[in-house]
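Working notes for the structure below.
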Amino acid sequence: MIRSRIAGIGSYTPEQVVTNKDLEQYMETSDAWIQERTGIRERHYAARTGETTTTMGVKAASIALERAGIGAGEVDFIIFATLSPDYYFPGCGVLVQRAMKMGEIGALDIRNQCSGFLYALSVADQFIKAGMYKNILVIGSEKHSFGLDFSTRGRNISVIFGDGAGAVLLQPTQKEGQGILSTHLHSDGESAEILAMYNPGTHANHWKPGLADFEEAPIGEMFMSHAMIDKAQNFPFMDGPAVFKKAIIKIPEVVLEALGANNYRPSDLDLLIPHQANLRICQVVQQTLGLRDDQVHNNIQRYGNTTAASIPIALCEAWEMGKISEGDLVCLAAFGSGFTWAAALLHW
Ligand code: UT7
C-alpha cells in the first residue's frame, strides 16, 4: 500500500524579534495581558522590504529539500498555503517555482488560513497515493506584520500574530508503520465573517458585521476605496471569544475523529501538534483529550500565531528537539477562519 511520508522538513523565522513590551509603543496593551490571555511572549517580524511570504517560504523549503536529499529540480508539484500572499494574484506557488528555478511544474495555492497547511498536506497526500507525483513541496508561510492594525483599535488581533514559514517534502513510501494514515477536513461557512478580512474584495459594499454604516460601494470604488481605509476595513476582523469557544470544541473533535478512523485512542499518541493560536486553547484541547504534557508540543510563546506556518514550524521544531522518532504516532490539528478545521494522523 502506498502512503505519503514527510521525507524532509524545514522552517524559517525572520531575525527580528518583537516582544510584548515592544508593542506597547504602538497601542494600549501590556506584557501581562498578552501573556495571561494568549501565552505569547514574543514573535518574529519579517524585514519590511526584501523579505516576503514567498522568500520566507523558499528558505523553509530549501531546508526541507536538503534534509530530504533532493534538489529543487526533482520537485514535481508545489502547494503553498497562506493568507498573506505577496500579491493578491498570482499566488505564491508560482513565485516559489521561479525563485527555486524549478521546471514548469504545477503550483497550487491554498486559502484556508489556520487550517491551510493541513488542507495542503491532505491534497498532496491524495496526489501521492494516486501515483500522480513523487516529490511534492508543501509550504505554509505568513507575513502578518505588514497587514495588521497597530493602533489600540486592532490590539485583539495584532498582538497575536507573527511571521514565519514551514515546509515539508512529501514522498511515497511502502514501508510498514510509516506515513500519513488519514486526513480529515471540515468547514462551516455560517461563521465566515467572524474571523475575516473583508477588503479588498468583490462583495461590492463596505460591509462589516455589527456596524450600522452599511453602504453600497459606488462604481470605481468597488474593490478598494478611501472609505474602506478610513473605516479600517482593510484590516482583519475577529470576534475572539466566539472563535475561542468554537476552537476548543472542534480541535478535540477532529483529533478524536482522526484517531478513531485508525483505531487509536488519545493515550496512543506520541505527539499532538495543535495549531498555535492561543496557549489557552492548546491547554483546553490537551485537557479535553486527557493528554500528558509530553504528548503536546507548543511554541506560541516564542512565535505567536503564524497561521498557515504554525503547524510546520512547530512540527519542525519538535523534530529538531528530538521529540519525534521514526514510527511515532503524530497528530496535527488546526482550526481557524472559515471556519475551517482539519487533522492529519501519521506515523513518522
Ligand atoms: O488562529 C486563528 C484562530 N484565532 C483564534 O483561535 C483566536 C481565539 N481567540 C482568542 O485567542 C482570544 O479571544 C483573544 C486572545 C483574541 C482575546 O482574548 P479574550 O480573553 O477573549 O479577550 P476579549 O476579546 O474578551 O477582551 C477582553 C478585554 C476587552 O476589554 P473590556 O471590553 O473588557 O474593557 C478588550 O478590549 O481585553 C481587551 N483587550 C486587550 N487589552 C490589552 C483586547 N486585546 C487587548 C490587548 N491588550 N492586546
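Relative contact order, whole percent, for the chain stands at 25, derived from Cα pairs under 8 Å and 6 or more residues apart. Cβ-to-Cβ counts within 10 Å put VAL285, VAL159 in ascending order as VAL285, VAL159, the fewest first. The H on the amide N of PHE235, modeled in the peptide plane, is under 5 Å from the matching H of no residue at least 5 residues off or on a different chain.
For the options HIS275, HIS297, HIS226, a Gaussian network treatment of the chain with springs between C-alpha atoms closer than 10 Å singles out HIS226 as fluctuating the most.
State the volume of the convex hull built on the alpha-carbon positions of the stretch 103-179, expressed per residue in Å³ and rounded to an integer.
Taking the convex hull of the Cα positions in the stretch 103-179, it is 120 Å³ per residue.
Go ahead and estimate [θ] at 222 nm for the chain from helices alone: -39,500 (n - 2.57) per DSSP H run with n ≥ 4, summed, over the residue count, rounded to 500. Mean residue ellipticity, 222 nm, calculated: -9000 deg cm²/dmol. Debye-formula intensities of the chain, expressed as log10 I(q)/I(0) at q = 0.06, 0.07 Å⁻¹, are -0.20, -0.28 (one equal scatterer per alpha-carbon, no solvent). Here the mean projected area of the convex hull built on the C-alpha positions of the stretch 218-337 is 10.0 nm².
Structure remark: mean-square fluctuation, Gaussian network model of the chain, C-alpha springs under 10 Å; the largest value among ASN278, ASN298, ASN199 belongs to ASN199.
Taking chymotrypsin sites (Phe, Trp or Tyr not before Pro) across the stretch 241-331, the ones in a DSSP loop with at most 16 further Cβ atoms lying within 10 angstrom of their Cβ are TYR264. Of the GluC sites (Glu not before Pro) found in the stretch 276-330, those in coil by DSSP whose Cβ has at most 13 other Cβ atoms within 10 Å are GLU326. Taking other Cβ atoms within 10 Å as a rough exposure proxy, ARG98, ARG111 sort from fewest to most as ARG98, ARG111. Hull volume per residue, based on the alpha-carbon atoms of the stretch 3-173 and their convex hull, is 114 Å³. Of the residues MET224, MET238, MET197, the one that moves most in a GNM of the chain with alpha-carbon contacts below 10 Å is MET224.
Every number in this text was worked out from the coordinates using simple rules, so none of it is lab data. Note that the coordinates shown come from a computational prediction; the quantities given were computed from them, not determined experimentally. In this analysis, Cβ positions are derived from the backbone assuming ideal geometry, glycine residues included, and neighbour counts consider all displayed protein chains.
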